[in-house]
Amino acid sequence: MTGPPLDQIPVDRLTGVGPKLKARLADLGIESVQDLLFHLPYRYEDRTRITPIGRACVGDCAQIQGEIIDSGIQFGRRRSLRCAVRDATGMLGIRFFHFNAFQQTRLAAGKLIRCYGEVRYGRGGLEMYHPEYRILSSEAEAGAVPDSLTPVYPATEGVHQSRIRKLVQQALQMLARSEDLTELLPARFLRDFGGIGLAESVRLLHQPPPDVQLNLSGQTDNSPARRRLAFEELLAHRICMRRLKLDALALQSHRFGSRQALSRRFAEMLPFKLTGAQRKVYREIREDLSGRTPMKRLLQGDVGSGKTVVAALAALHAIESGFQVCLMAPTEILAEQHLQTFRSWLEPLQVRLGWLSGKTRAKARKQLLENLAAGDCDLLIGTHAVFQESVHYQRLGLIIVDEQHRFGVHQRLALREKAGGGALRPHQLVMTATPIPRTLAMSAYADLDCSIIDELPPGRSPVNTAMLSNERRGAVIERIASACAAGRQAYWVCTLIDDSEILQAQAAEATAEQLGQALPEIHVGLVHGKLKAPEKVEVMEGFKSGEIQLLVATTVIEVGVDVPNASLMVIENPERLGLAQLHQLRGRVGRGATQSHCLLLYQSPLSELSRERLGIIRESNDGFLIAEEDLRLRGPGQLLGTRQTGLMSFKVADISRDSDMLEQVRETCEEMLASHPAAVEPLIHRWLGERSHYGDV
Ligand code: ADP
Ligand code: MG
C-alpha cells in the first residue's frame with residue numbers, strides 16, 4: 001500500500017498532534033513525517049535489562065525493579081519524599097525533592113515499581129534522585145522489558161521524550177508500510193558504512209537492538225548507520241551546490257564597463273580611507289563584473305568590518321555602466337538604515353534612490369514601480385519586497401543581499417528563483433557576517449566565490465567583555481547611569497528562548513519599564529519586532545541623535561544598527577544565545593573612539609558548558625575564532641548547534657563531527673553527477689525539500 005510520500009505528510013496527521021504540539025515540533029525543525037524519521041536520538045538508555053539492586057554500582061545508570069517497602073516524607077536540609085525499594089538482592093532508596101500529593105499516594109508501600117536513573121550514594125545508602133519510574137500493576141507487566149534500546153531525542157520545552165518516542169513509533173510504522181526512503185545511492189558507495197541501506201539505518205537508529213555496536217559513551221556518533229545518513233545528506237547538499245554552480249556557468253550576464261569616475265569620486269568623498277582589505281575585495285568584485293558569467297560572490301566580513309562601503313562601490317560601478325541595482329536587507333530596520341546611509345553617500349552623486357518594503361503605501365508603491373520600469377530609479381533599497389513578482393526593473397544588473405548571518409543553501413536556492421529567468425542574469429553579491437571556520441568554508445560555499453574582509457577599520461579598540469551574575473543587576477544599572485551621565489549611550493538586550501515575537505516584545509516592555517523607574521533621569525527607548533515600522537524608525541532616530549540614551553531591545557538590533565556613541569551593552573541571559581549571535585550583538589558597540597564594554601548578565605547558576613562558551617566570548621573578539629570554538633564545543637544532540645551557525649542547517653550531519661567524510665563526499669558528488677543523473681533530483685529533494693521561500697528563511 002502506498003500513500004503520499006512521507007515528506008508530504010504533515011506531522012499533525014499523526015495521532016496526538018494538535019496545533020500546539022505541531023508548532024513546538026516545527027521549532028525542532030520537524031514538519032513532516034519524514035522529518036521525524038530524520039530526527040535522530042543523540043544517545044540511548046538500556047532498559048532491556050533489569051539490574052539486581054545488589055549489583056547496582058554508584059555512577060551507573062540502571063534499571064531496577066522491586067517492592068516499595070517504606071515510603072514517607074523526610075525533613076532534612078530539603079524536604080523530600082523517600083521510598084525504600086527492595087528486590088531479592090538488596091535495597092535502594094528513591095528520592096523526590098519535587099512531588100505532589102498524587103505521587104505520594106501512588107508511591108505507597110506494597111507497590112511494585114520499576115525505576116530508571118543514576119545510582120548515587122545518598123543519605124540512606126544507594127539512592128536514585130528523581131528516577132523515571134513506573135508502578136507495575138500485573139505480573140505480566142513486571143516480566144516485560146523493551147527489546148530495543150530506549151532512544152533519547154533532542155527535545156524542547158513542551159515536547160517530552162515519551163511524546164517524541166510515541167510519534168517516532170508511528171512514523172516508523174508508516175515507513176514500514178510505504179515505499180519511501182528508497183535507496184538512491186549505488187551499493188558501492190555504502191560499503192564503507194557496512195552496506196546499510198537508508199530505511200534500515202533509520203530503523204536501526206531509532207530502535208537499536210541491545211547488542212548493536214555503539215561506542216563506549218553509548219552515543220550514536222560513530223555508528224555506521226548514522227554516518228551513512230550523514231554522508232547521504234552531505235552529498236545531497238554538495239550536489240545541490242555543484243549544480244547551482246554549473247547552472248550559473250551556462251548563463252550569461254551583463255558586462256560592466258571600465259568607467260570608474262563615480263566610484264572614484266565616492267571614495268574621495270568618504271571621511272576615511274578604505275582599508276587594504278576593502279580595496280582587495282572590491283577589486284575581486286570588479287573583476288567578476290567585467291566578465292560574461294553572472295557573479296555569485298559572497299562577501300564575508302566580521303561585524304563592523306565595513307561591508308557597506310564595498311556594496312556602495314559595487315553599486316556605483318553598476319550604475320555608471322548603465323544598470324540598475326537592488327539592495328535587499330532581511331529586516332525593516334536594517335533596510336532603513338541602509339537607505340539612510342546610501343542617501344547620505346549617493347544622493348550628492350545624483351544617484352536616484354528608491355525604497356520599497358512590505359509596508360510601502362499603494363500610491364508611493366505605484367510611483368516607485370513606474371520609476372523602476374522606466375529606468376528612473378538607479379538603486380532600489382528594501383526588504384524582500386524588492387523581489388515580488390510585480391516589481392519590474394528596466395535593466396537590473398546587480399543584486400546585493402545583506403544577509404548578515406544566514407546564508408545557507410536554502411537561501412541560495414530561493415535567491416536563484418528571484419533572480420528571474422531573462423536571457424541575461426543579474427550579478428549577485430551577498431554580504432554575510434557569519435564567520436565560518438576557514439577549514440569548512442570550502443565545502444559550505446562550494447557554489448560561490450568568496451571574498452573576505454579580514455581587517456577592521458583602524459582606530460577601533462576591542463570591546464571589553466565581562467560576565468556578571470543576575471544578582472549583580474543593581475550594579476549594572478549603576479554602570480548605565482554613569483555611562484549616560486558621561487554623555488554616552490547604552491543598549492540593554494533582552495533575550496528569550498521563545499521564538500514568539502509577542503512574548504519577546506512583552507519581556508522587553510517590562511524591562512524597559514523597570515529600567516525607566518530605576519533610572520528616572522535617563523531617557524529610555526524601546527524597540528522590538530512588534531512595533532510598527534514608523535515607530536521603529538522614530539525610536540532608532542532618537543537613539544541615533546542621542547536623544548534616547550538607553551535603548552532596550554530584543555535581538556532585532558542584532559543586525560545593522562550603527563551608533564558609534566553607544567559604548568555599553570548589557571545582554572540579559574546570554575547563555576541562551578549562540579556564540580555567533582552574541583558576537584553579532586556585541587558588534588553594535590565598539591564602533592566609536594571610546595573604550596566600549598559588554599556585560600553578559602547571566603542567570604546563575606551557570607552550567608559548566610555555558611561558562612566555557614561565554615568565556616570564549618569574553619576572551620576573544622575574533623569572529624572566526626569564536627566560530628571555530630563554537631563548533632568545537634557543540635556536543636551531539638545540542639539543538640542550538642545548527643541554529644546558531646545558521647549557515648548550514650542539516651538534519652543529521654554535523655559539519656564538524658563529520659568533516660572527515662567531506663573528501664569522500666566531494667568525490668562521490670562528481671561521480672553521481674556524471675554516472676547517476678537520475679538519482680540527483682530525488683536526492684536533493686529528499687534532503688533539501690521544496691525550495692524554501694525567501695520570506696520564511
Ligand atoms: P558591516 O561590515 O558590519 O556591515 P559597516 O559597513 O556598517 O560594517 O561599517 C561599520 C562602520 O565602519 C560604519 O560606521 C562605517 O562608516 C565605518 N567604516 C567602514 N569602512 C571604514 C574605513 N575604511 N575606515 C573607517 N571607518 C570605516
Ligand atoms: Mg552591515
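The values are calculated or read from the model by the stated rules, or taken from the named source; none is laboratory data. A quick note: this is a predicted structure, and the numbers were derived from the prediction, not measured. All Cβ positions, even for glycine, are placed from backbone atoms using ideal geometry, and neighbour counts span all protein chains on display.
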(message) Criterion first (hydrophobic (A, V, I, L, M, F, W, C) and in contact with a helix residue (DSSP H, G or I) (Cβ under 6 Å, 6 or more places away or on another chain)) does I319 satisfy it?
(response) no
(request) Starting from region 3-31, keep only residues that are without any contact (Cβ under 8 Å) to a residue 24 or more places away in the chain, then list their pairs with residues that are aliphatic (A, V, I, L, M) and in a helix (DSSP H, G or I) whose Cβ atoms are within a distance under 7 Å, requiring at least 6 positions of separation or different chains. (result) K22/V11; I30/V11; I30/L36; E31/V11
(request) Test R134 against the criterion of being free of Cβ contacts under 8 Å to residues at least 24 places away in the same chain, within 26 Å of R13 (Cα to Cα) and among the charged types (D, E, K, R), and give yes or no. (result) no
(request) Inspect region 338-353 for any residue being of a type outside the set (A, V, I, L, M, F, W, C), in contact (Cβ under 8 Å) with a residue 12 or more places away in the chain, in contact with a helix residue (DSSP H, G or I) (Cβ under 6 Å, 6 or more places away or on another chain) and not in a helix (DSSP H, G or I) and give the result as yes or no. (result) no
(request) Run down Q489, Q517 and say which single residue is exposed (fewer than 14 other Cβ atoms within 10 Å of the Cβ) and not hydroxyl-bearing (S, T, Y). (result) Q517
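Pick out the one residue from R123, R95, R43 that is touching a strand residue (DSSP E or B) at 6+ places or on another chain (Cβ under 7 Å) and touching a residue at least 40 places away in the same chain (Cβ under 8 Å).
Testing whether each residue is touching a strand residue (DSSP E or B) at 6+ places or on another chain (Cβ under 7 Å) and touching a residue at least 40 places away in the same chain (Cβ under 8 Å) leaves just R43.
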(request) Filter region 442-484 down to the residues that are among the small types (G, A, S), assigned to a helix (DSSP H, G or I) and in contact (Cβ under 8 Å) with a residue 24 or more places away in the chain, then identify the one that is farthest from D288 (Cα to Cα). (result) A481
(message) When you scan region 125-133, do you find a residue that is of a type in the set (A, V, I, L, M, F, W, C), surrounded by 12 or more Cβ atoms within 10 Å (Cβ to Cβ) and under 20 Å from T150 (Cβ atoms), even just one?
(response) yes
(message) I need the full set of residues from region 590-600 which are more than 11 Å from ligand 1 (Cβ to nearest atom) and under 20 Å from A627 (Cβ atoms), in order please.
(response) C598, L600
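Got a number for residues in region 32-85 being assigned to a helix (DSSP H, G or I) and in contact with a Gly (Cβ under 7 Å, 6 or more places away or on another chain)? Working first, answer last.
Within region 32-85, the subset assigned to a helix (DSSP H, G or I) is 33-37, 53-55.
So of that shortlist, the ones also in contact with a Gly (Cβ under 7 Å, 6 or more places away or on another chain) come out as 35, 53-54.
Final tally of qualifying residues: 3.
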(request) Give the residues of region 469-484 that are over 14 Å from Q549 (Cβ atoms) and not hydrophobic (A, V, I, L, M, F, W, C), sorted by residue number. (result) S469, N470, E471, R472, R473, G474, E478
(request) Name the single residue, out of those in region 296-309 being touching a Lys or Arg at 6+ places or on another chain (Cβ under 9 Å) and within 16 Å of ligand 2 (Cβ to nearest atom), that is modelled with the highest pLDDT. (result) L299
(message) Looking at region 71-88, can you tell me whether even one residue there is within 13 Å of L126 (Cα to Cα) and β-branched (V, I, T)?
(response) yes
(request) Pull up region 273-295, narrow it to residues that are within 16 Å of ligand 2 (Cβ to nearest atom) and not in a helix (DSSP H, G or I), then point me to the one that is nearest to A315 (Cα to Cα). (result) L274
(request) Could you tell me which numbered condition G291 fails, if it satisfies all but one of (1) buried (at least 24 other Cβ atoms within 10 Å of the Cβ); (2) over 26 Å from G529 (Cα atoms)? (result) (1)
(message) List the helices (runs of 4 or more DSSP H) inside region 534-650, counting only whole elements, that have at least 3 residues being at pLDDT below 85 and more than 16 Å from ligand 2 (Cβ to nearest atom).
(response) 623-633, 640-645
